[in-house]
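These notes concern the structure reproduced below.
The values are calculated or read from the model by the stated rules, or taken from the named source; none is laboratory data. Predicted, not measured: the structure shown is a model, and the values here were computed from it. Neighbour counts are summed over all protein chains in view; Cβ atoms, including those assigned to glycine, are modelled from backbone coordinates with ideal geometry.
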Amino acid sequence: MEDLDGKVGVVTGAASGIGRSLATAFAAEGVRLVLADIEAEPLEEVASELRSGGADVFAVTADVSVASDVERIGTAADDVYGALHLACNNAGVGGGGLSWQVDLETWRWVLGVNLFGVIHGIHSFVPRIIASGGGHVVNTASMAGLTSNPGMGPYNASKHAVVTISESLALELAMTNPEVGVTVLCPGWVRTQINRSDRNRPDRAGGPGGGLGGDAGSLSRMLDRLIESGLDPDVVAALVVDAVRNRRFAILTHPDWSESVRRRTDALLEGELAEFRLPGTLTD
Ligand SMILES: NC(=O)c1ccc[n+]([C@@H]2O[C@H](COP(=O)([O-])OP(=O)(O)OC[C@H]3O[C@@H](n4cnc5c(N)ncnc54)[C@H](O)[C@@H]3O)[C@@H](O)[C@H]2O)c1
């Protein structure tokens, strides 16, 4: 979608991090935006900031793990702007631990937001984009969707699923509606609040802060340092704008991490388990 000016887009998880940067970058290109997030106040702050810079944005508080909430985002695009051309299914949360110890509600929470959030977005937004004459879908996965590091079972599962769903979607659209492009975003560490995902942990999964304890505290501090040393989310958003313009399918923000994807694939093809090396640390 080369010409972005005047188009209509949706960004989920727009109140913080990569979503906030995506909203800012697409607004700067003249895209009119429905911004969605589960956090009402930070969402309203982002919306006001963009409006004061001259952008046309509409904010919807929504939980992407709930299908009817995502449908409300689609309806807002219809009602406010009368069309939809761009969907960034970006909202996500981090959560993990040892796979057999992670409680089932945490599995459900992480898969609900990261996987079903994208599924709900595809279900609600793609038909609208087709009806509007075409456009682009951006699904935020992760390098965790291409590797399988320990301690991140629910997150890895959700992100692997987002990668494969994006591939299927792109092939299906190429066959049926080639006017709609697809991009899957696979970032490495990015400087955001992802390691504060527990702030949105639902009560059924232990409530805010309910996921930390024991060794998880020191793991979280290590992740804090890695995320703090990560890419500026504005840099990631610029890559996304470019991929939408040029219809590029995959964005890997950290090309130096590709070796770990190759190692995993080679090991699997040999019937082996890839040795664990955490990307972005001295061991990689
Ligand atoms: N930061 C990284 O290093 C990194 C790396 C790879 C992938 N990602 C992915 O990038 C995406 C954006 O995360 P981020 O890093 O900007 O983190 P972030 O925490 O800064 O932003 C995530 C946003 O999603 C919102 N959100 C959480 N649960 C929600 C729900 N149920 N419904 C609607 N909104 C919800 C949060 O309120 C927040 O505004 C996620 O999908 C994440 O998995 C991040």
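Of everything in segment 1-42 that is within 10 Å of the ligand (Cβ to nearest atom) and of a type in the set (Ser, Thr, Tyr), the residue that is surrounded by the most Cβ atoms within 10 Å (Cβ to Cβ) is Thr12.
For segment 1-31, filtering for residues that are over 13 Å from Asn90 (Cα atoms), in contact (Cβ under 8 Å) with a residue 60 or more places away in the chain and outside any helix (DSSP H, G or I) leaves 6.
Could you pull out the residue among Ala161, Ala157, Ala174 that is closer than 21 Å to Arg245 by Cα and either in contact (Cβ under 8 Å) with a residue 60 or more places away in the chain or not polar (S, T, N, Q) (or both)? Of the residues listed, the single one that is closer than 21 Å to Arg245 by Cα and either in contact (Cβ under 8 Å) with a residue 60 or more places away in the chain or not polar (S, T, N, Q) (or both) is Ala174. I'd like to verify a number: residues in segment 84-115 that are among the hydrophobic types (A, V, I, L, M, F, W, C), in contact with a helix residue (DSSP H, G or I) (Cβ under 6 Å, 6 or more places away or on another chain), more than 14 Å from Asn156 (Cβ to Cβ) and near the ligand (Cβ under 10 Å from one of its atoms), how many? Residues flagged as among the hydrophobic types (A, V, I, L, M, F, W, C), in contact with a helix residue (DSSP H, G or I) (Cβ under 6 Å, 6 or more places away or on another chain), more than 14 Å from Asn156 (Cβ to Cβ) and near the ligand (Cβ under 10 Å from one of its atoms) within segment 84-115 amount to 3. Among the residues of segment 214-253, those that are of a type in the set (Gly, Ala, Ser) and either more than 13 Å from the ligand (Cβ to nearest atom) or assigned to a helix (DSSP H, G or I) (or both) comprise Gly214, Ala216, Gly217, Ser218, Ser220, Ala237, Ala238, Ala243, Ala250.
The residue of segment 181-198 that is farthest from the ligand (Cβ to nearest atom), among those that are buried (at least 24 other Cβ atoms within 10 Å of the Cβ) and of a type in the set (A, V, I, L, M), is Val182. The requirement of being surrounded by fewer than 23 Cβ atoms within 10 Å (Cβ to Cβ), out of contact with any Cys (no Cβ under 8 Å at 6 or more places or on another chain) and at pLDDT 95 or above is satisfied by Glu45.
Within segment 263-274, the set of residues being surrounded by 11 or more Cβ atoms within 10 Å (Cβ to Cβ) and in a helix (DSSP H, G or I) comprises Arg263, Arg264, Thr265, Asp266, Ala267, Leu268.
Residues that are among the aliphatic types (A, V, I, L, M) and in contact with a strand residue (DSSP E or B) (Cβ under 8 Å, 6 or more places away or on another chain) were ranked within segment 232-251; the one that is surrounded by the fewest Cβ atoms within 10 Å (Cβ to Cβ) is Ala250. Taken as a whole, the condition of being in a helix (DSSP H, G or I), of a type outside the set (Gly, Ala, Ser) and under 24 Å from Ser132 (Cβ atoms) does not apply to Leu35. Criterion first (within 16 Å of the ligand (Cβ to nearest atom) and either in a helix (DSSP H, G or I) or free of Cβ contacts under 8 Å to residues at least 40 places away in the same chain (or both)) does Ser65 satisfy it? For Ser65, the condition - within 16 Å of the ligand (Cβ to nearest atom) and either in a helix (DSSP H, G or I) or free of Cβ contacts under 8 Å to residues at least 40 places away in the same chain (or both) - is not met.
I need the full set of residues from segment 150-170 which are of a type in the set (S, T, N, Q) and either within 12 Å of the ligand (Cβ to nearest atom) or within 15 Å of the chain's Cα centre (by Cα) (or both), in order please.
Within segment 150-170, Asn156, Ser158, Thr164, Ser166 meet the criteria.
Scanning segment 116-149 for residues that are hydrophobic (A, V, I, L, M, F, W, C), within 10 Å of the ligand (Cβ to nearest atom) and assigned to a helix (DSSP H, G or I) turns up Phe116, Val118, Met143, Ala144.
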